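Written out below as structure tokens is the structure these notes cover.
What follows is calculated from the coordinates using simple rules that are stated; it is not laboratory data. If you're wondering where the values come from, they're calculated on a predicted model, not measured in any experiment. Because the Cβ atoms are built from the backbone with ideal geometry, glycine has one as well, and the counts that use them run over all protein chains shown.
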Amino acid sequence: MPRILVVDDDAAILKLVSVILSRAGHEVRTSNHPVEALELLKVFTPDLVISDVVMPYMTGLEFLEKMREHEQLSAIPFMLLSSHAERGDVRRGMNLGADDYLPKPFTPQDLTVAIDARLRRAGLNVQAEGGMQAKALGTAQVVWQGAAVSWVSRKALELFFFLLEHKEVTSWEAAEALWPEKDEARASSLFHTTLHRLRRSLSSETVVSANRRYALAGDLNPEYDVYRFELLATQAEHGSLGLEEMRELTSQYGTFLPGADSPWVDDVRSRLEQKQMSVLSLAARAATEAGRSKDAAQFHQRALAIDPMSELDWQGLARALDTIGDPRARLAAQREAWWAVDLD
């Protein structure tokens, strides 16, 4: 599924483009601020960037220049959206390295035809071949050079994600986190054995060390689903995501490293649960304000599946169900969880 980032300070344009492209089968991310978009690009690598020309704080041309300054972003196809009055800016943008432009106003067909043509010319598989993807939400998998990594041991995989989460650690910090029940000597021995297995699973250059500190090699730069989830959750908390974007974001959530059992894993799970609860609350509020009580009820129910003691979600669920005339409003008011019955 081609991935597209759309940057525009006009919320109506963002929503329009997002709906059109999502229906056309693309994975869409949006940002109403080019500076935030540059942060998003650290964890989300699109196949195409679409940007408005005139925006506050940073124009689309300045945004393009910033992208082209980064080696890893410089080859991403870039399309400008422009009105008739901005044709001079478009010419400058093409000189700066933009690949195409689309004049406003445009029809859904104009947009999809232009994007399909650009993606065909760019080739969708070029970036994915050499990159690394680290997936920890609801799964535990690393994809490198187009293939899933076959791990020598499960603990080697866990050490990889520990290093990904903590950037740089001492051997004792890693040993204490992954083997808290072992004494210092045994935990240290297990760390070095597992480090060897991690390098065997990937390559000898995967983990670098200096002054008894260990870190993943800087050139790996994996696309990490946890970073992406947390960054988008923060954008939601800042009011930058719409209801449909928040719905899609909540669907990305899953148990962090299922099957792993370490205190540091529990800490990450707790952190991500809090983010998911925050986004579900925001999504429920947005749905309620939009008069979509059924959607609000679903968000509240999902929150209660995580935290059955959330009084605000019980109250919100009861109100939403009562609004749509669902008889289960009485159960919600009595704080009875019927989670075996899905809202349809």
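Return the subset of Lys15/Lys42; Lys155/Lys182; Lys15/Lys135; Lys42/Lys104; Lys42/Lys155 for which the Cα-Cα distance in this structure is over 18 Å, preserving the input order.
Over 18 Å apart, Cα to Cα: Lys15/Lys42; Lys15/Lys135; Lys42/Lys104; Lys42/Lys155.
For Cα pairs less than 8 Å apart in space and 6+ apart in sequence, what is the mean separation divided by the residue count of the chain, i.e. the relative contact order in percent?
12 percent
Give a quick list of trypsin sites (Lys or Arg not before Pro) in the range 190-267 that DSSP marks as loop, anything other than H, G, I, E or B, with at most 12 other Cβ atoms within 10 Å.
Arg212
Could you work out the pair-distance distribution P(r) of the chain from its alpha-carbon pairs, with 20 angstrom bin width and percents rounded to whole numbers?
Binned Cα distances yield the sequence 26, 49, 24, 1.
Radius of gyration and Dmax for the range 1-112's Cα atoms, expressed in Å?
For the range 1-112, the Cα-based Rg and Dmax read 12.7, 34 Å.
Per residue and in cubic angstrom, what volume does the convex hull of the Cα atoms of the range 151-196 have?
Convex hull of Cα atoms, per residue: 63 Å³.
Given H placed 1.01 Å from N in the peptide plane, which residues other than close sequence neighbours of Ile4 have an amide H under 5 Å from its amide H?
Glu27, Val28, Arg29, Asp47
Considering all alpha-carbon pairs of the range 248-327, what whole percent are spaced by more than 21 angstrom?
32 percent
Using DSSP loop states and a limit of at most 14 other Cβ atoms within 10 Å to flag chymotrypsin sites (Phe, Trp or Tyr not before Pro), what is the longest stretch of the chain containing no flagged site?
58-337
With the convex hull built on the Cα atoms of the range 34-84, state its orientation-averaged projected area in nm².
Result: a mean projected hull area of 3.4 nm².
Placing one identical point scatterer on every Cα of the range 164-307 and ignoring solvent, what is log10 I(q)/I(0) from the Debye formula at q = 0.13 Å⁻¹?
Reported log10 I(q)/I(0), two decimals: -0.71.
Could you give me the ³J(HN,Hα) list for the range 9-17, computed from phi with Karplus coefficients 6.51, -1.76, 1.60 and θ = phi - 60°, whole Hz, x at Gly and Pro?
Once rounded to whole Hz, the list reads 7, 8, 4, 5, 5, 4, 5, 4, 5.
Let me spell out the model: positive unit charges on the Cβ of Lys and Arg, negative unit charges on the Cβ of Asp and Glu, origin at the Cα centre of the chain. What dipole size does that give, in debye rounded to 20?
It comes to approximately 580 debye.
Counting DSSP beta bridges in the chain, what percent are antiparallel, to the nearest 5?
40 percent
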